[in-house]
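The values are calculated or read from the model by the stated rules, or taken from the named source; none is laboratory data. Because the structure is a prediction, the values reported are computed rather than measured. Reconstructed Cβ throughout: ideal geometry from the backbone, glycine too, with neighbour counts over all protein chains shown.
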């Protein structure tokens, strides 16, 4: 068994296709296939079920792949320490961000960060929270911007800011006439929600006490886009909850704050505790905090709404 074979196995798990995995590893498909066969013979187990399309790990393969990811990550971290990377921000890093933050936070901090650190490349993707946690634990991500706490013992969390939940309703809605509102004012049956898998959906339901009132609408629509929900509300269809960063000047007539202490979500930079780049973490944290609007960057008294 060698490191190269472990890399081939990880590539096969990620791409589930021999030719694509071989291209990723810069080897020919016969070479990759031969090395996989050698490894399976040495271990006396089958790592992948070749009869499945796409390729699928066997139960034994799942265990082997999980351990292999950790071994390769530890080796990478060891090389990083020896190369003095601990105090460097240079390199290519994989950053994930939840979809309910990406369109509002990335335009704020990314231009500043890119200008200040031209030798740092962030490969950014949008992922839902559970997928982010899995990828961080498997070493497929370096950092993530997401709602916390995650409750994961192997993940470290650096608090970035707290973001209030706001009521977003049609102009004719009576709640908009109140100075502030409370969770008891909400009717879950009227609430438009994001689709399953979004942590913001879980938080919204918890705020409503996880009520399951029947929907008064003659349709069922669960969106992955906060902007889509806002568009429905503006046309007098139900109401929703939105994160404060998503509210621009055109939205102010549709929003109402909750009474203090306001319900909020805690947003943090999350990374595996083996990720040994404290200077990079601090640089990303600083760029984000410095780019936030003044009313968000200063902590307030909040009731934190968990999503997990």
**Complete:** Heads up, the strands (runs of 3 or more DSSP E) in the range 212-292 (entirely inside) with at least 1 residues that are modelled with pLDDT of 90 or more and farther than 25 Å from residue 183 by Cβ are 262-272
**Message:** Checking the structure you have, find out if any residue of the range 127-136 is closer than 19 Å to residue 245 by Cβ and in a loop (DSSP other than H, G, I, E, B).
**Reply:** yes
**Message:** Six or more apart or on different chains, Cβ atoms under 6 Å: show the pairs whose first residue is in the range 110-127 and under 14 Å from residue 290 (Cα atoms) and whose second is assigned to a helix (DSSP H, G or I) and modelled with pLDDT under 95.
**Reply:** 112/287; 112/291; 113/287
**Prompt:** Pick from 106, 47, 131: which is at pLDDT 90 or above and within 17 Å of residue 267 (Cβ to Cβ)?
**Reply:** 106
